[in-house]
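Okay, so here's the structure we're looking at.
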Amino acid sequence: MVTGGTYERRPLFDHPRDLQMLHDALLRLSRRYGWPLQAWAVFANHYHFVACSPDEPASLRAMLRHLHSETARTLNRQHGAAGRRVWFQYWESRITYDRSYLARLKYVICNPVHHHLVADPTAYPWCSAKWFEETSTPAFRRTVESFKTDRVNVMDDF
């Protein structure tokens with residue numbers, strides 16, 4: 001699981017166009033670097049994703065460097081803010097237990113609700129909730145939905 005945050009937690013991706021650009025770049029680059037996404041959510045000042053590690057997990061650093069540099073350049077060009085610092089850092093955690101994986105899936109999928117952006121996560125277009133609802137089996141959805149997330153330790157004070 002990865003969480004990335006903007007510099008000084010500034011809501012730099014505060015326009016739908018900017019959120020879409022970040023969302024699309026995350027999906028495209030995760031595929032390119034071989035990190036299949038299992039859940040994701042992008043916001044004005046941070047993002048979360050859960051992905052399956054490829055055989056070469058060291059590629060995560062390259063993928064995130066690419067994601068951050070590409071989206072920062074694009075955002076700054078669109079905002080007329082050349083050279084502005086966009087990203088601060090990211091936090092990663094390797095998930096080794098099924099229960100932890102399932103709880104983090106639910107946490108990321110429901111994160112737009114956690115941040116009071118929507119009442120139903122499927123209504124938030126820059127996350128995986130709708131995709132998860134449409135592509136997972138009803139039994140797997142019920143399993144993920146049954147997990148509590150109050151004890152999930154994720155950097156998310158944005």
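The residues in segment 62-83 that are surrounded by 15 or more Cβ atoms within 10 Å (Cβ to Cβ) and either of a type in the set (Val, Ile, Thr) or without any contact (Cβ under 8 Å) to a residue 12 or more places away in the chain (or both) can be counted, and the count is 3. Do the conditions hold for residue 95, that is, is it buried (at least 21 other Cβ atoms within 10 Å of the Cβ), closer than 27 Å to residue 146 by Cα and in contact (Cβ under 8 Å) with a residue 12 or more places away in the chain? No; evaluated as a whole, the condition is false for this residue. All of 152, 108, 50, 86 fail the test of being surrounded by 12 or more Cβ atoms within 10 Å (Cβ to Cβ) and out of contact with any strand residue (DSSP E or B) (no Cβ under 8 Å at 6 or more places or on another chain), apart from 152. Within the set of pairs 6 or more residues apart or between chains, which connect a residue that is in contact (Cβ under 8 Å) with a residue 12 or more places away in the chain inside segment 42-61 to a residue that is of a type in the set (Gly, Ala, Ser) and part of a loop (DSSP other than H, G, I, E, B) with Cβ atoms less than 6 Å apart? Taking only residues 6 or more apart or on different chains, the pairs are 54/34. Among the residues making up segment 52-75, a single one is of a type in the set (Asp, Glu) and either within 16 Å of the chain's Cα centre (by Cα) or assigned to a helix (DSSP H, G or I) (or both): 70.
Within segment 114-139, the residues that satisfy the criterion of being polar (S, T, N, Q), under 19 Å from residue 23 (Cα atoms) and touching a helix residue (DSSP H, G or I) at 6+ places or on another chain (Cβ under 9 Å) are 122, 128. The number of residues in segment 96-130 that are of a type outside the set (Lys, Arg) and in a helix (DSSP H, G or I) comes to 17.
Output the residues belonging to segment 7-35 that are within 14 Å of the chain's Cα centre (by Cα), over 25 Å from residue 101 (Cα atoms) and buried (at least 16 other Cβ atoms within 10 Å of the Cβ). Within segment 7-35, 13, 19, 21 qualify.
Readers should treat all values here as calculations from the given coordinates under stated rules, not as data from a laboratory. Since we're looking at a predicted model, the values are computed, not measured. Glycine gets a Cβ as well: all are built from the backbone with ideal geometry, and neighbour counts include every protein chain shown.
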